[in-house]
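FYI, it's all coordinate maths here, none of it is from the lab. Keep in mind the model is a prediction, meaning the values are calculated, not measured. Here the Cβ is made from the backbone with ideal geometry for all residues, glycine too, and neighbour counts use every protein chain on show.
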Amino acid sequence: MPTPPPSVDDVLSGLRGRCGEFDTSTFRGQTRVVLPEPVAFEGLAWLKDQGFDLLVDVTCVDYLDYPGATHRYGLVYLLASTATNQRLTVRVFVDDPDPTVTSVVPLWAGANWLEREVWDLFGIRSVGHPDPRRLVMPEEFTAHPLRKDYPLQGRGERHNFPVITRDHS
Amino acid sequence: MSIATATVDTTGPETGARSEDYLWTLNFGPQHPATHTTLRLVLKLDGERVVDAMPEMGYLHSGFEKIGEHLTFNQYVTVTDRMNYISPMANNVAWHHAVETLLGIELTPRCTYIRTIIAELARISDHLLCNGAVGLDTGAFTFFLYGFYQREVIYDIFETLCGARFTNSYTRVGGLSQDFTPLVIEKIRTFLKTFPKTLDDMERLLTRNRIFVDRTKGVGVLSKAEAIAGSATGPVARASGVTRDLRKDEPYLAYADLDFNVCCATTGDCYARYLVRMQEMRESLKLVTQALENLPAGDINVGIDQRIARPTKEQVYSTIEGTISHFELSMANRGFEVPHEESYAAIEAPNGELGFYVVGDGNETAYRARCRPPSVLHFALFPQLIRGHTLSDVVAVLGSLNIIAAELDR
């Protein structure tokens, strides 16, 4: 008989021992943990050692005009375990004027492009990222289009793009 | 543009500029027949040997996630069609699975079975194109045509079902746009009878073909540890020995009732990915057969009392609940209640884990509609797969990862 996997509650109490007190909530059977930004990397590293070895996604939500929100940006780290199939959502909240998080690329190589996308579309820097370029928007682009104060139609950036002629290409 | 020369990652041993003078840079894409879609690779070559590769994406970026914040849950399904357009039905199912998870809707048994059937047909059509394209790029043109002919049959089934061949937009919140008709069931039965023979033919054409095996075996090897670290999912991860399949691990729709196997390989090369996809088509056939023969009777949409799915015309004209529900759902300031919450739900799409992180803020439009596309994470793995192989292997590796640029860039 294989040993039963540790329950999510056991993992969370262990995480409290390392990262101090934090909020947890459950919705539709999904457990969410809100880690303070300074200890987020340490907490994620510990969770990885506890068996949450698959980083499913890194994304972000801009809570600019969301009712009842206390922070501007909420990063989402979706973790899963390939052995036990448990899932855990880790939230990290950051605010203007300098929203930064510690890069998790040292833990999961797959975070590389996901964090680049968060930088590109939300303007949240990942400190320690090995390749901090934009992912989907062109390098000349100046805005972060998935922020809520960016209009759906854009701000006309495309008109200012440099035109490459055949002589200069 | 200086990307090509300035930012290629050269973290190998001894990367002084002088020792690299003999390397040359090749731009592959964004418009190239073998990229199949709009993506770009900058390759650093030593003769024909690929020293490094830098994938570039974004040429097809259309702001799908931004659009998702301005379209209602039912309207946005048309945009999901255009993500992985090789298997749009799977995207439809994934999107409304995520929305229904947020809303906490329990689907009717008939709806779960129909969704299972169309998701599996979508898997077959996706794998046919992916494996067909790998064959095409490595020189097996006939194989590709065999696959494409069968895709046409699946398109025909979808057209009979919902009127659209390509952009189906078939699902709705809490149900489906159309029910199965006897003609659809007959066409699926015919497909189930004729397809195994074609699949046998395809396997005989390529699986033991010397040229194909030489081109794909041992090429683009992804180890199990690398697959997990790089967040690979779906056939790419399973070909590397990761036994993760959401259909078994987190059974959604009707998968808990049906009998099927998860197909895995251990070598992690292009050939293993081809084999896993070939075998998964047979498992999908098993699933479709079981689901079709056990298709429950009843409604396809959730009941009128839930005020989620549109009532039928008959209900609107003959019952007061139907009339009220129809008005409520049609009026701009009504619609249905959405919790101030957020949730993530994923399905096992043909390409891997396709999930949506949906944030609700009370109205019918998502506050945030994040799509977790498997292609992005697979494309990021490309440099480590191709290093050390030859230029002609680029198309084999690229094809076996099944990168769909529309899903990649969204």
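So which trypsin sites (Lys or Arg not before Pro) in the range B:180-260 are both in a DSSP loop and have at most 14 other Cβ atoms within 10 Å of their Cβ?
Details: sites: B:LYS187, B:ARG189, B:LYS193, B:LYS197, B:ARG204, B:ARG208, B:ARG210, B:ARG215, B:LYS217, B:LYS224, B:ARG238, B:ARG244, B:ARG247, B:LYS248; in loops: B:ARG208, B:LYS217, B:ARG244.
Sparse-neighbourhood loop trypsin sites (Lys or Arg not before Pro): B:ARG208, B:LYS217.
Calculate how steeply helix B:88-103 sits against the longest principal axis of the alpha-carbon atoms of chain B, using the helix alpha-carbon long axis, and give the answer as 0 to 90 degrees to the nearest 10.
Here the helix axis deviates by roughly 60 degrees.
Positive end of the dipole of the protein assembly as shown, charges at C-beta (+1 Lys, Arg; -1 Asp, Glu), about the Cα centre: which of A:ASN160, A:TYR63, B:LEU408 has its Cα farthest in that direction?
Most positive-ward Cα: B:LEU408.
Among the lysines, which fall within straight-line cross-link reach of B:LYS248, defined as a Cα-Cα distance under 27 Å, with same-chain neighbours fewer than 8 residues apart omitted?
A:LYS48, B:LYS193, B:LYS224, B:LYS286
Under the Kirkwood approximation for Rh and a Cα-based Rg, what ratio Rg/Rh is obtained for the range A:8-160?
On the way: Rg = 16.3 Å, Rh = 16.4 Å.
We get a ratio of 0.99 for the range A:8-160.
Round to the nearest 0.05 the FRET efficiency obtained for B:LYS217 and B:GLN31 when R0 = 35 Å and r is the Cβ-Cβ distance. Please list the in-between numbers first.
Details: r = 30 Å, r/R0 = 0.87.
So, using R0 = 35 Å, E works out to roughly 0.70.
Taking other Cβ within 10 Å of each residue's Cβ, how do B:SER177, B:SER400, B:SER392 sort, fewest first?
B:SER392, B:SER177, B:SER400
Quick one: longest stretch of chain B between exposed loop GluC sites (Glu not before Pro), exposed meaning at most 13 other C-beta atoms within 10 Å and loop per DSSP? Display every interim value, and only then the final one.
Details: sites that count: B:GLU14, B:GLU48, B:GLU106, B:GLU337.
Longest stretch, sites excluded: B:107-336.
Please work out the Cα center distance from the range A:59-79 to the range B:373-410, rounded to the nearest Å.
A separation of 31 Å, based on Cα centres.
Helix A:37-49: angle to the longest alpha-carbon principal axis of chain A, degrees 0 to 90, nearest 10?
Computed tilt is about 60 degrees.
Given H placed 1.01 Å from N in the peptide plane, which residues other than close sequence neighbours of A:VAL56 have an amide H under 5 Å from its amide H?
Here the answer is A:LEU78, A:LEU79, A:ALA80, since their amide H atoms fall under 5 Å of that of A:VAL56.
Normalised by the number of residues in chain B, what is the relative contact order in percent for Cα pairs under 8 Å and 6+ residues apart?
Values: 759 pairs, mean separation 101.8, N = 410.
Relative contact order, chain B: 25 percent.
When the helices in chain B are scored as -39500 (n - 2.57) per DSSP H run of 4 or longer and the sum is shared across all residues, what 222 nm value do you end up with, to the nearest 500 deg cm²/dmol? Before the final figure, lay out each step's value.
Details: 18 runs with 194 residues, N = 410.
Mean residue ellipticity, 222 nm, calculated: -14000 deg cm²/dmol.
Could you give the length gained on full extension between A:VAL163 and A:ASP65, defined as 0.36 nm per residue of separation minus the Cα-Cα distance, in nm? Walk me through the numbers on the way to the answer.
On the way: separation 98, 0.36 × 98 = 35.28 nm, distance 3.69 nm.
Taking 0.36 nm per residue and subtracting the Cα distance, the gain is 31.6 nm.
Straight-line reach from B:LYS187: which aspartates and glutamates have a Cα under 12 Å away, not including same-chain ones fewer than 8 places off?
B:ASP156, B:GLU159
Give me the angle, in degrees from 0 to 90, between the Cα long axis of helix A:8-19 and the longest principal axis of the Cα atoms of chain A, rounded to the nearest 10.
70
Can you give the longest run of chain B that contains no chymotrypsin sites (Phe, Trp or Tyr not before Pro) sitting in a DSSP loop with at most 12 other Cβ atoms inside 10 Å? Could you put the intermediate results ahead of the total?
Values: sites that count: B:TYR22, B:PHE166.
By the stated rule (loop sites, at most 12 other Cβ atoms within 10 Å), B:167-410.
Given H placed 1.01 Å from N in the peptide plane, which residues other than close sequence neighbours of B:THR72 have an amide H under 5 Å from its amide H?
Hits under the 5 Å cutoff: none.
Treat the range B:82-224 as a sphere of radius equal to its Kirkwood radius over Cα pairs and apply Stokes-Einstein at 20 °C in a medium of 1.002 mPa s; give the translational diffusion coefficient in µm²/s, rounded to a whole number.
On the way: Rh = 16.7 Å.
Here the translational diffusion coefficient equals 128 µm²/s.
What FRET efficiency would be calculated for the residue pair B:ASP305, B:PHE141, taking the C-beta separation as r and a Förster radius of 56 Å, to the nearest 0.05?
Working: r = 56 Å, r/R0 = 1.00.
Result of the calculation: an efficiency of 0.50.
Hey, what number do you get for chain A at 222 nm if only DSSP H runs of n ≥ 4 count, each worth -39500 (n - 2.57), divided across all residues, to the nearest 500?
On the way: 3 runs with 37 residues, N = 169.
It comes out at -7000 deg cm²/dmol, rounded to the nearest 500.
Over the alpha-carbon set of the protein assembly as shown, work out the extent along each principal axis and list the three values in angstrom, largest first.
83, 63, 61
Can you work out the Karplus-derived ³J(HN,Hα) for every residue in the range B:378-385? Use 6.51 cos²θ - 1.76 cosθ + 1.60 with θ = phi - 60°, whole Hz, and x for glycine or proline.
Result, rounded to whole Hz: 6, 5, 5, 7, 3, x, 6, 7.
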